[in-house]
Amino acid sequence: MSAVRAARRLSPIDDLDALIARAEARPESARSRLHGVHHWQCVAWTGLQLLPEADADPWVVFLFALLHDSQRENDGHDPHHGRRAGQFARRLNGSLFSLSDDRLALLVEACDLHSDGLVSTEPTIGVCWDADRLNLWRVGQRPDPRFLSNPAARATRDWVDGSRSLQSQQFDWTDIYARYRAAARAE
């Protein structure tokens with residue numbers, strides 16, 4: 001097993017509750033009906049479902065889900081929220097989670113550019129962006145397969161249509177985290 005694969009098997013998160021509290025500290029982000037905690041959990045859940053389809057880093061996907069919209073200032077036009085989330089991830093690395101420089105770069109890029117309408121051939125970034133885009137139902141938009149990075153998600157309507165039901169489901173960070181731990185260990 002390569003060193004990269006071995007690192008991906010272990011959780012980089014030192015204290016899940018403290019990390020969640022820090023991500024949720026900005027009330028205009030966390031309490032948002034459109035971009036708040038429920039959306040973050042839907043993105044985490046969707047990312048978990050996409051992991052078997054791609055050689056993606058599960059912990060970067062989990063951290064992306066938690067952080068990508070955590071620095072929004074409002075639910076409207078906020079073009080720099082992704083870059084603020086990337087900066088936030090840099091500040092938290094080494095205290096609430098620990099990623100290598102390469103893995104942190106993936107997380108930062110995924111956060112920085114997630115709302116720019118791009119697709120990525122990099123598997124981890126692609127899963128992050130697809131997990132977010134498959135949850136566009138919450139804002140009244142049907143996800144467009146042309147803007148999905150993962151070939152399996154693009155190739156079938158099941159991913160797009162199936163993601164709609166997530167908006168009415170309830171999730172729990174502890175359960176999501178446990179499922180990511182299991183997925184990482186299974187790599």
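The values are calculated or read from the model by the stated rules, or taken from the named source; none is laboratory data. Bear in mind that the values here come from a model prediction, so they are computed numbers and not experimental data. Cβ sites come from the backbone with ideal geometry, for glycine too, and all protein chains shown count toward neighbours. Note: areas computed on protein heavy atoms with side chains; ligands, DNA, RNA excluded. Shrake-Rupley method; radii C 1.70, N 1.55, O 1.52, S 1.80 Å.
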What are the ³J(HN,Hα) couplings of region 100-111, residue after residue, when phi is run through the Karplus curve with 6.51, -1.76, 1.60 and θ = phi - 60°? Round to Hz, x for glycine and proline.
5, 4, 5, 5, 5, 4, 5, 4, 5, 4, 4, 5
Step through the residues of region 83-91 one at a time and calculate ³J(HN,Hα) from phi using the Karplus curve (6.51 cos²θ - 1.76 cosθ + 1.60, θ = phi - 60°), rounding each to whole Hz and writing x for Gly and Pro.
5, 5, 5, x, 5, 4, 4, 4, 5
Sorted by chain and then number, the residues having a modelled amide H within less than 5 Å of the amide H of D57, at least 5 places away or on another chain, are T124
What number, rounded to the nearest 500 deg cm²/dmol, is the helix-based mean residue ellipticity at 222 nm of the chain, given -39500 (n - 2.57) per DSSP H run of at least four residues and division by all its residues?
-16000 deg cm²/dmol
Chain lengthening between S95 and D17 when straightened (0.36 nm per residue, less Cα-Cα)
26.8 nm
Report the semi-axes of the equivalent ellipsoid for region 59-165 in whole Å, largest first, where each axis is √(5λ) for an eigenvalue λ of the Cα gyration tensor.
24, 16, 11
Using a 1.4 angstrom probe on the protein heavy atoms only, line up T121, T174, T46 by accessible area, largest first.
T121, T174, T46
If only Cα atoms are counted, what is the Rg of the chain, and what is its Dmax, in Å?
15.0, 45
Added length on full extension, which subtracts the Cα-Cα distance from 0.36 nm per residue, A6 to E28:
4.2 nm
C-alpha center-to-center spacing [region 133-159, region 1-78] in angstrom
18 Å
To the nearest 20 debye, what charge dipole does the chain have about its Cα centre, counting +1 at the Cβ of each Lys and Arg and -1 at the Cβ of each Asp and Glu?
160 debye
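Could you please state how large a percent of the accessible area of region 99-176 is carbon and sulfur, counting protein chains only and using a 1.4 Å probe?
Carbon and sulfur: 51 percent of the exposed surface of region 99-176.
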The ³J(HN,Hα) series, computed from each phi in region 136-148 with the Karplus coefficients 6.51, -1.76 and 1.60 at θ = phi - 60°, rounded to the nearest Hz and given as x for glycine or proline, is 6, 3, 4, 9, x, 10, 7, x, 9, x, 5, 9, 9
Using the basic label-point model (7 angstrom from Cα toward the beta carbon), what is the R164 to H77 distance in nanometres?
3.0 nm
